[in-house]
Structure formats: structure tokens, C-alpha cells
1. When residues of the range B:11-30 are filtered for being farther than 20 Å from B:Ala363 by Cβ and open to solvent by 40 Å² or more (accessible area, probe 1.4 Å), how many remain?
2. Given the conditions (1) crowded, with 24+ Cβ neighbours inside 10 Å; (2) within 11 Å of chain B (Cβ to nearest Cβ), and given that A:Gly210 satisfies all but one, which numbered condition is not satisfied?
3. Could you please find all residues in the range B:99-125 being crowded, with 24+ Cβ neighbours inside 10 Å and under 16 Å from the mean Cα position of the chain (by Cα)?
4. Looking at B:Ala241, B:Ala203, which is the one that is in contact (Cβ under 8 Å) with a residue 40 or more places away in the chain and either more than 28 Å from B:His127 (Cβ to Cβ) or touching a Pro at 6+ places or on another chain (Cβ under 8 Å) (or both)?
5. Any idea which residue in the range B:276-310 is nearest to A:Ser118 (Cα to Cα), counting only those that are open to solvent by less than 10 Å² (accessible area, probe 1.4 Å) and facing chain A (nearest Cβ under 10 Å)?
6. Kindly indicate whether A:Val177 is surrounded by fewer than 22 Cβ atoms within 10 Å (Cβ to Cβ), farther than 30 Å from A:Asp98 by Cβ and within 14 Å of chain B (Cβ to nearest Cβ).
7. Enumerate the helices (runs of 4 or more DSSP H) found wholly within the range A:89-167, keeping only those where 1 or more residues are open to solvent by less than 30 Å² (accessible area, probe 1.4 Å) and within 11 Å of another protein chain (Cβ to nearest Cβ).
8. Can you name the number of the only condition in (1) assigned to a strand (DSSP E or B); (2) open to solvent by 10 Å² or more (accessible area, probe 1.4 Å); (3) of a type outside the set (Asp, Glu) that B:Val58 fails?
Amino acid sequence: MFSTNPQVDRHGELRHLLSIEGLPAALITRILDAAQPYAESEQKKQPVLTGKSVFNIFFENSTRTRTTFEIAAKRLSADVINLAMNTSSTAKGETLLDTVDNLAAMQADMFIVRHGSSGAPYLIAQHLAATGRNHISVVNAGDGRHAHPTQGLLDMYTIRHYKKDFTNLTVAIVGDVLHSRVARSQIHALTTLGVPEVRVIAPKTLVPAGMERMGVRVFNSMSDGLRGVDVVMMLRLQNERMQGALLPSTHEYFKTYGLTPEKLALAKPDAIVLHPGPMNRGVEIDSAVADGKQAVILPQVSFGIAVRMAVMAMLGGKA
Amino acid sequence: MKLHIKGGRLIDPANKIDALGDLFIADGAVVGRQVGAGGTAMAGFTPESVLDATGCVVCPGLIDLSARLREPGSEYRATLESEMAAAVAGGVTRLACPPDTDPPLDEPGLVSMLAHRSRQPGFARVHPVGALTMQLKGERLTEMAQLAEAGCVAFGQASRSIVDTQVLLRALSYAATFNFPVWLQAQDPFLSRGVAHAGEVAARLGLAGVSVAAETIALSGLLQLVRETGARVHVRRLSSAAGLEMLTAARKEGLPVTCDVTINHLHLTDMDIGYFNPHARLDPPLRSQRDRDALRAGLASGAIDVLCSDHSPVDDDAKLLPFEEAEVGATGLELLLPLTLKWANECKVPLATAIGRVTADPARILGVPDYGLSAGQLADVCVFDPQAYTAVTRETLRSQGKNTPFLGLELPGKVRYTLIDGQLAYDGTQD
């Protein structure tokens, strides 16, 4: 039950989107291609998922991601139901799978799931398969430290938009990789799409053991790691990580790993800067960079809706 | 009841026997053994029943040094009845249960009650391991002498660490006063806070890592205190190559330490977490292939004394959760023998040596008298077919715990008969 990858069916088609790991490059490219017309279209309503029910099941707080999924589903004409589970029945002691069973009984077609524990969407997908409800698709909207595949895909869309080709790039991912599901999805996407050099830049306390086995080069200093890169992907530093034994202070973090114009000058002159949002100005990124001409942070947000539309359309069977 | 176990391969590691032969049992004890042709009768012995052991191995009943019965306190997960049925179906005739019941085994009355409840015909013999500290909190010592009188064979902390090293030193000294063995898991309470081995798999899956240092730091401190107190310490559930190296060095030095490994750590690695399989959520976490290979070699050479099941029935509600939220533990009593054989096959370990790790070696650690297949010894016997296979499914497992990473596999070996006190406790020929 837990030994096979449940997200691709035996014809290689997407069944669920749980992680970028294990998706072939051709399939990732197909998703990006499918997103392009949505990104370029002026039309705000398309009859792709008419009559389908999309359930946003968020066990963790999120405004931004939930909203973009909601917008994407509505533009595809789906009915969207938003459930904030931390205030709902799980708080009353219902198990995750009981919740899933109940929602499945409400004739759901798609679950968009965010959960604080790594792997929760896998458990849901496996449970649906084991109980013969394979028609319901699961989209991982972020699970613990594990994956945030639509974020990874929208980042790839953004990079492709500005850089065209992945196979001649050097990309640096900067910040709290240890706790970041975004970083893991980015790494899988970049390595699968053939980026020859993926770098991770962080203090040793924020890099998990065995990181280099994911196909990245680990740097502990910005001056070494940023040199000559084409793309800088910043990660958000969660407030709760700033105290304690991982980092001494925000001030010191900004001084050593914050992206300032001076540090960005080490990258290629045409390097672009991405951030998954929400940003902590003065912590991981200087306002001069965040608002500068190399930042593509706002385009990321619009591309994000198109990419999520493409994923949902593909799972709904029409892309 | 007079029994003749006819024509099997007698393997009795304690008495250094491995030959075809016959075993004769009367009044709960072995009364005779004939080695040679196999299938011969004993002069002057008229059996009331003959068990055909052709093609089977006849060995002393297995001893499992770590099996949770969930009584008292968690009877919804398992009961003595369900777990004893699992034990005898697995050829296990004797087991030690860790003190992490609810309440913990820190009070002589509780231990007497458990010992009394488990003393029933057809049940495996139960040896409670008493709590080393009250409530397993690592603060106050338990009444060890009285607990021993009530039936405790050793003292331990189950999966809990003693954070205060002063308390640990005193607990070891006090136990050493009476020469009580202390069974501890080497785990630093702070470094062991994650859910998977700190390595590639945990990095990829986004699971909080537990570094090998969680084991080696605790082990280093523990060995230092053994040196100081002379306490007899059995290290439970060893998980790493580095830990094994330290223990091997300590034994060379002459320290009175022994150790065991679980069936899960002997066969699996962190790769077996696969797609967040909660059945692979174990304590200590499954480690790398290098570690597993070292544990397999160590068990073969005897650097690791014992293989145990670390049987921990967990109900589905606590197990079918996202990996990091799932409760640790796996069912194992019925898998101990098949996984011993699987290891022996894969690592080319002589069958008699392999059987020793689940019979004579744990008997030595427990200090069991009259254990073996010689005349006068207790007739606790396991007869199994090494050529047959055991299917591990939710339906076939007798334990109330259906949680194991081996679910769905067919494993070598099938128990035909289990005898306790010369009485048939399990007959697997009907399955």
C-alpha cells in the first residue's frame, strides 16, 4: 500500500499531484505548456471543470495558497468548498481519514490538501485507492517539510518564462532548506528539468543531513554560492525559527544570508530573484532587491494561478 | 502426557546438538533424546501421542526478550489472550515484557498481578522487566528488591531515557548492589526527537532526523557508568554500526554488557519508509544500509547476542496517520522465527547459530535454568518446517496488532507445533 508511487497511473498520466519527485520531465513540461494559454488568456471563466466539486482542505493556516487555488478552480468553473480544518472537526478529535471519508461522501471530485505533517496527502491518496474511490484526485498544497509541488511548478514556469532554457542555468536556493517544503519541490523540479547546477545556500543548522544526495551543491556562504548564478530562489524564514538554537538572531541572519543589492551583484547581471511569499523584508531579503528590477516575485503570483489551473484541468481530464 | 516427537532435526544450541533424532517427553520435561537415524522408539517408553517431525526442525521454544502485551492499561490494543496466541503460534514459549504498561511496572503488586494473570495453561512464560525508576520518569528509584521478589527479571526504562545522569548513576549502582541486570536503550533524549534516521531519506521526505549520535552519545555515557558501577547492562534495540563498534570495544575491555537487535532493524533500512509507510515508524528509527549490514554481521558473529521481536501491537487509529504522527512500533511475535530464518538464509548463517540467537542466547541473558532438549530440562519445544512459508496478512496474524512493515510478504518457516510444559500449546498442522 505504501510502496508504490500513487500519483501517476499505469499509463503515466497524472492521478494526483503529491510531489514533483517521480514526475518525468516530459510530464512537468506538459503541465507548464498547459499553463501557458491560461497565463496569456484574458478570459476569466473557462468551462473546464463545470459541475465538479473542488474541496480546499486546509489543516494549516494559509491565505495566499488557498486563495490562489480557489481562484484557479473558479476560473475553471468548478464549485469550490473551503474548509479550514484547524477550526473544524479534527479539533474535536476526528481522525484525518474519517474526515476524508466524510468529505468523499459529499461527492467531491478533487481534494486540495494542506497539512502540517509530511506525507499526509499520500496517506489520503492511498486511503482513497484502498477504499475504491480512485476518481477523487488529491493535490498537495503543502505538507509539513516535504513538498509544495504547485509552488515548485510555478517557480519552473517563472524561470522558463524569463530564461527559456533550463539546461544552461545555475540556480541558487537560499535560506531555511531544513524546514522548507518549497525547497524540496524546487530541487526535484530543477534537477528533473536538467538544470546542470543547483546550489543550496544556508548556515549548517538549516541544511538537513544527506542534502547533497538530492543532487545539489551545498554552500555555507552567500559570496561563494551566489557567484555567477542565473536564478536566485529565496526561501521564507519562519518567525518561530529565529529564536533558539538554529539561528542567534534575525539581525545576524540578515547580515549573513539576507539578499542585499551588494550580494545580488555577485550573481549574473541578468539574474532573476524569486520568493514564494510572504516576504520578511529585512530578514531574508532587502527591500531594494524585493522591489528592484531583477525581482519577479509578483509575476510568480499570477503564473501560480495559471499553473494551478493547468494541474486541476489535467486531473479533471481536460488538458 | 507422554509424547514422542519423531524424526526431526534436533537443534539445541545450548547443548551443542544439531542432528536428526527423536525427543521423548513426559510430565512436562524432556526424558530422553536419541540422536542418529531418527524415527526410532525409546526402550521402555510408550508414548500416548506421536508428533511427526519429518522434515522439521525441533528446537527449544523461542525466547523473545522484548514483547509488549499491552496489559495492564491498553487492553483495547491487545490482551494477554490475543498476544499469547500470537506467541505460541510463533513458537515463542517465553518472553520478557518491557515496563511501559499503563501504569508502568513500578510497583510489586502490579508485577505479581501480571505474573499471576499470565500463568495459565497454553500461555508462554512471561518475565516482566520492572521499571528502573518510578513512573519511568527518571527521578526516583523503584523498589527493585521487592519487584524482583514479585517476578521481575531485570529493570529498565522501556523507550524512556533517564535525563538526569546522577539518577542514572545511582540506578545502576543500586541495581549492581543486588546484581540485578539493567536493560536500557541507548538514546539521548534530546537528539532522538526526530522521526527518521538523519540522512538522505529524511532529507528528501522532509522528516525530522535522528542522528546516529543519539545512540552513540547515550551509549558512551552508559558505558562510562558501567565501568564505574560494575552494573550488568543489556543494551536494547541497537540501531547503528557506530553503536555496535563501541559495544564491541567495551566487551573486549571486559565490561559486563550484552545487546540485542530487533527483527525490523535487522532487515529494513530507512529506504523502507517508502512513501511515508507508517508501519516503518519505529523506535529507534530504521537506519542506513551500512548500519543494517553491520547489525546483520554483528548478530552472526555474536557481537550482538540476541534477536528480539520488539513486539508492539498498535491499533489502526494510532497507526494510520501521517508518518510523523503515527505511533511507533510493530507487531512481531509471529515474525521472530521467520525473520530469523530469512536472515540466516540471506547472510549464510548456519541454522544452528541463527536459532541460538532466539533460544540459547536470550536464555543466557535471562538466566533461565533447565532450558534445552536434554533429559531433565523443561519441555518447552518448537517444531517448525523450514521449507514452508508463513504469509503475513491481517487475517493470518493472531496478534491484535496488525501493524508491521512486513505485511503482505511471505516469509520462510512455519511453526508446526509449540509445546509448553510438555503440553501442546499450538498445533499449526491444521492451517
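The values are calculated or read from the model by the stated rules, or taken from the named source; none is laboratory data. Quick caveat: nothing in here was measured; it's all calculated off a predicted structure. Cβ atoms come from the backbone with ideal geometry, glycine included; neighbour counts cover every protein chain shown. Accessible surface is based on the protein model in full, side chains and every heavy atom, while ligands, DNA and RNA are left aside. Shrake-Rupley method; radii C 1.70, N 1.55, O 1.52, S 1.80 Å.
1. From the range B:11-30, those farther than 20 Å from B:Ala363 by Cβ are B:19-22, B:24, B:26-27; that's our starting set.
Next cut, open to solvent by 40 Å² or more (accessible area, probe 1.4 Å) only: B:20, B:27.
The qualifying residues number 2.
2. (1)
3. Residues satisfying the conditions are B:Pro99, B:Ala124.
4. Sole residue among the options that is in contact (Cβ under 8 Å) with a residue 40 or more places away in the chain and either more than 28 Å from B:His127 (Cβ to Cβ) or touching a Pro at 6+ places or on another chain (Cβ under 8 Å) (or both): B:Ala241.
5. Applying the filter and picking the extreme gives B:Phe276.
6. no
7. A:96-104, A:120-130
8. (2)
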